[in-house]
Amino acid sequence: MIQNLTLPSPLGGPPPEEVTLPRAPLARVLAQVRYPSILYIGEKSRLAPFQADVRAQYPIFREDSGQNFKVEMSPGGPAIETERSTLWRFGSVDGVWLITLTPEAVTLETRAYESRAEFVQRLAHVLACVETHFAPGIAERISMRYVTRVTDEGYDRIDDMVEPGLLGLAIPEFRRHVTHAISEAAIEIEEGALFLRWGVLPPNGTFDPFVLEPIGKPSWVIDIDVSITGFTDFKAGALADHFYALAKRAYAIFRHMVTDAFLALYGGRS
């Protein structure tokens with residue numbers, strides 16, 4: 001699945017050493033595996049064994065019927081298709097971890113991300129349960145998404161917090177007059193594809209309400225979505241390795257975008 005490409009850093013090569021940010025402004029981290037449709041996942045009666053295996057960490061169960069979003073990369077950027085689907089949710093008691101299972105995909109998300117090692121370990125367990133109880137056989141696409149939202153002091157100091165080339169219209173003399181300025185780019189990376197969004201959102205503004213809930217203050221957002229597309233065996237261990245590689249690539253992109261001042265404000269030591 002990983003391409004044999006030689007790309008400049010941070011699009012290829014090893015990431016910088018991970019710096020822990022105790023106050024990291026991550027709004028949400030998500031990982032998803034899409035697979036060919038498994039119709040019986042839509043039947044509640046088939047869920048009990050899976051629920052039993054994840055219930056210790058994700059005991060809160062609910063059923064949703066809504067839109068399932070499918071993202072396909074194209075030369076012009078991501079094409080988002082919506083599908084009506086039954087969504088099975090398995091959440092932690094504190095509400096910060098959530099599994100979403102559908103006939104076409106499984107997603108793990110959190111609002112309490114601490115490290116890539118912990119996240120991938122949790123994800124590997126979820127994927128192993130899916131493999132055991134539903135045997136997808138094939139994965140079609142895997143993706144990880146890191147959404148960072150900077151507010152308050154970080155927003156006021158954003159010209160010191162991110163690399164100057166990313167500021168665009170958010171330079172100090174214009175910033176108070178800018179209400180919305182989001183840039184985006186679709187980029188080739190060593191592992192597959194990157195879709196990147198960054199910029200200013202106004203109070204109560206968002207570009208994806210399912211991932212980035214509106215808040216009542218202006219914010220600076222970095223949305224890093226890394227993915228690998230193509231058929232591969234649905235083996236939890238191998239998929240976890242791919243996710244770890246994607247997490248490292250996302251981190252390399254993030255570190256390329258922010259400065260030491262960003263790391264220091266949120267508790268890191270560079």
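The values are calculated or read from the model by the stated rules, or taken from the named source; none is laboratory data. Just so it is clear, the model here is predicted, and its values are computed rather than measured. Heads up, the Cβs are rebuilt from the backbone with ideal geometry, glycines too, and the neighbour counts pull from every protein chain shown.
Okay, here's what the table says:
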{"quantity": "Residue that is nearest to the chain's Cα centre (by Cα), among those in the range 47-59 that are touching a residue at least 24 places away in the same chain (Cβ under 8 Å) and over 16 Å from residue 97 (Cα atoms)", "calculated": "50"}
{"quantity": "The range 179-196, residues that are part of a strand (DSSP E or B) and touching a helix residue (DSSP H, G or I) at 6+ places or on another chain (Cβ under 8 Å)", "calculated": "181, 183, 194, 196"}
{"quantity": "Residue match in the range 122-139 (condition: assigned to a loop (DSSP other than H, G, I, E, B) and touching a helix residue (DSSP H, G or I) at 6+ places or on another chain (Cβ under 8 Å))", "calculated": "yes"}
{"quantity": "Residues within the range 168-207 that are without any contact (Cβ under 8 Å) to a residue 12 or more places away in the chain and under 18 Å from residue 26 (Cβ atoms), tallied", "calculated": "1"}
{"quantity": "Per-region count, the range 173-195, residues surrounded by 17 or more Cβ atoms within 10 Å (Cβ to Cβ), at pLDDT 95 or above and of a type in the set (A, V, I, L, M)", "calculated": "3"}
{"quantity": "Exclusive hit being closer than 16 Å to residue 29 by Cα, charged (D, E, K, R) and out of contact with any Ser or Thr (no Cβ under 7 Å at 6 or more places or on another chain), set 235, 248", "calculated": "248"}
{"quantity": "Any hit, the range 231-247, residues being farther than 16 Å from residue 106 by Cα, touching a strand residue (DSSP E or B) at 6+ places or on another chain (Cβ under 8 Å) and of a type in the set (Asp, Glu)", "calculated": "no"}
{"quantity": "Residue identified as surrounded by 18 or more Cβ atoms within 10 Å (Cβ to Cβ) and either of a type in the set (Lys, Arg) or in a loop (DSSP other than H, G, I, E, B) (or both) among 36, 22, 8, 15", "calculated": "15"}
{"quantity": "Those residues of the range 157-204 which are of a type in the set (D, E, K, R) and over 14 Å from residue 226 (Cβ atoms), in sequence order", "calculated": "157, 159, 160, 163, 173, 175, 176, 184"}
{"quantity": "Qualifying residues in the range 197-239 (those that are among the acidic types (Asp, Glu) and assigned to a loop (DSSP other than H, G, I, E, B)) - the one surrounded by the fewest Cβ atoms within 10 Å (Cβ to Cβ)", "calculated": "213"}
